[in-house]
Amino acid sequence: MVLDTLPIVFVLAGLAFYVVLGGADFGAGLWQLLAGRGAPAQRIRDHAHHAMGPVWEANHVWLIFVITVLWTGYPRVFASIASTLSIPFFVAAIGIILRGGAYALRPGTRTAREQRTLETVLSVSSIMAPLALGMTVGAIAGGRVPVGNAAGDLVTSWLNPLSITIGLISVAFSAYLAAVFLSGDAVRRGEAGLAERFRARALASGVVAGVAAVAGVIALRRDAHDLYHELVFGRARPALIVSAAAGMATVGLVRRRRYEPARYTAALAVAAVIAGWALAQAPDLLPGYTIERAAAPDNTMIALIVAVIAGGIILFPSLAVLFRLTLAGQLSPGEAASDAPGEGRPPATGGGRAARGAVACLVVALGFLTVADAAWAHAVGVAALFGFAILGAAALIAPEIKT
């Protein structure tokens with residue numbers, strides 16, 4: 001049972017990271033569209049681009065991760081979703097590609113007109129992608145994606161009131177996250193005026209996101225009553241309460257201009273929504289198709305779990321360094337090499353014990369997951385894999401912390 005369930009936990013974690021980080025990225029594009037005209041508006045657009053430019057590609061790693069793990073661990077579920085919802089996925093892909101092209105081409109613009117054209121493309125695609133992806137979530141939550149190759153209707157499965165509502169919620173959440181994140185970025189850069197502009201946008205979009213979330217619950221009650229009941233009255237209710245509390249806490253923190261903790265409460269509010277959806281829909285992935293039935297064979301799941309955790313040892317420290325450098329302004333164009341942090345300091349040592357512990361945990365994990373067949377042995381193996389991930393990350397990050 002652990003082998004069947006753990007990869008879907010990875011999928012949900014990756015989805016939460018993508019909704020938070022990728023959502024903030026999409027929302028920054030939306031604010032570029034709504035910036036208006038004139039010098040203050042251009043400062044807003046430049047700030048949004050400066051903040052998201054170094055990390056937008058990294059944010060989409062999570063989407064690739066979700067697709068890969070779902071495809072490998074639950075192949076029939078992935079095939080059913082991808083075939084029935086091929087149209088909104090295609091629209092989302094076009095949006096993501098156009099955004100990437102706009103980011104890549106913007107430094108080469110020579111005239112204000114060229115820059116405005118690319119900013120418009122980026123902004124429109126920043127609405128297309130989260131709207132389409134949110135509509136796919138609405139289709140799955142509404143039970144309109146049956147098991148089978150294109151077994152659901154190619155149009156009405158995603159073009160319905162529930163899917164449209166969740167698509168709009170996705171856009172609203174993206175704008176909300178971006179405004180909160182960009183407020184904090186402006187403060188770090190010493191741009192008090194920009195911080196105030198994004199603070200106003202964060203408060204306004206927070207209200208809109210809250211109203212949209214209530215509308216989503218109402219839409220669930222009308223279109224997916226079983227899911228609604230589990231979310232509001234059943235096992236998913238704690239997640240709903242956490243999301244509402246975190247959302248209100250974020251608004252309060254933004255009002256007090258405490259942007260750093262507001263980042264985390266905003267992320268928690270969105271992640272709790274995903275957790276609530278998962279709890280409300282469990283144990284089904286698709287209508288009548290449980291996690292246990294959908295899971296790939298045990299040997300595939302073991303290899304997948306090992307690959308994910310081993311990859312996480314590389315991915316998480318790398319992303320941590322990337323975001324730390326971005327938030328510190330160290331990835332700005334034209335920075336001199338001598339200004340880099342840690343210049344001239346002696347190399348750090350440490351992490352040896354953590355590294356040895358990670359190796360030991362990996363040996364235990366491989367032994368219990370590949371040699372033993374008992375359920376308790378697999379549980380020990382999975383726990384050892386988590387130990388390997390934690391200790392390995394500590395060993396890799398320790399030198400960076402000490403510098």
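The values are calculated or read from the model by the stated rules, or taken from the named source; none is laboratory data. Given the structure is predicted, the values throughout are model-derived calculations rather than measurements. All Cβ positions, even for glycine, are placed from backbone atoms using ideal geometry, and neighbour counts span all protein chains on display.
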With the checklist (1) surrounded by fewer than 17 Cβ atoms within 10 Å (Cβ to Cβ); (2) of a type in the set (A, V, I, L, M, F, W, C); (3) at pLDDT 90 or above in hand, flag the one item ALA41 doesn't pass.
(3)
Of the residues in region 50-86, those that are at pLDDT below 90, surrounded by fewer than 21 Cβ atoms within 10 Å (Cβ to Cβ) and of a type in the set (Gly, Ala, Ser) come to GLY53, ALA58
Boolean, GLY29 is in the same structural domain as SER183 (by TED's automatic domain parsing), closer than 25 Å to SER183 by Cβ and either touching a residue at least 12 places away in the same chain (Cβ under 8 Å) or in contact with an Asp or Glu (Cβ under 9 Å, 6 or more places away or on another chain) (or both):
yes
First in region 52-67 and within 12 Å of ASP25 (Cβ to Cβ), second anywhere and modelled with pLDDT under 85 and not in a helix (DSSP H, G or I), Cβ under 8 Å, 6 or more apart
PRO54/LEU331
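This table checks each residue for (1) under 30 Å from VAL147 (Cα atoms); (2) among the aromatic types (Phe, Trp, Tyr); (3) at pLDDT 85 or above; (4) assigned by TED's automatic domain parsing to the domain that holds LEU362.
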position: LEU304; (1), (2), (3), (4): yes, no, yes, yes
position: ALA307; (1), (2), (3), (4): yes, no, yes, yes
position: ALA310; (1), (2), (3), (4): no, no, no, yes
position: PHE316; (1), (2), (3), (4): no, yes, no, yes
position: PHE323; (1), (2), (3), (4): no, yes, no, yes
position: LEU327; (1), (2), (3), (4): no, no, no, yes
In the set GLY216, GLY167, which member is within 19 Å of the chain's Cα centre (by Cα) and either under 27 Å from ALA129 (Cβ atoms) or touching a residue at least 24 places away in the same chain (Cβ under 8 Å) (or both)?
GLY167
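Whether any residue in region 99-110 is touching a helix residue (DSSP H, G or I) at 6+ places or on another chain (Cβ under 8 Å), hydrophobic (A, V, I, L, M, F, W, C), in a helix (DSSP H, G or I) and at pLDDT below 95 is what I want to check. Spell out how you get there, then give the answer.
As a first pass, look at region 99-110 and keep what is touching a helix residue (DSSP H, G or I) at 6+ places or on another chain (Cβ under 8 Å): 99-103, 105-106, 109.
Filter once more, so that each one left must be hydrophobic (A, V, I, L, M, F, W, C): 102, 105.
Filter again for in a helix (DSSP H, G or I), leaving 102, 105.
Now narrow it down to the ones that are at pLDDT below 95: 102, 105.
There is at least one residue in region 99-110 that is touching a helix residue (DSSP H, G or I) at 6+ places or on another chain (Cβ under 8 Å), hydrophobic (A, V, I, L, M, F, W, C), in a helix (DSSP H, G or I) and at pLDDT below 95.
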Scanning for something more than 27 Å from SER157 (Cα to Cα) and in a helix (DSSP H, G or I), does region 70-92 turn up at least one residue?
no
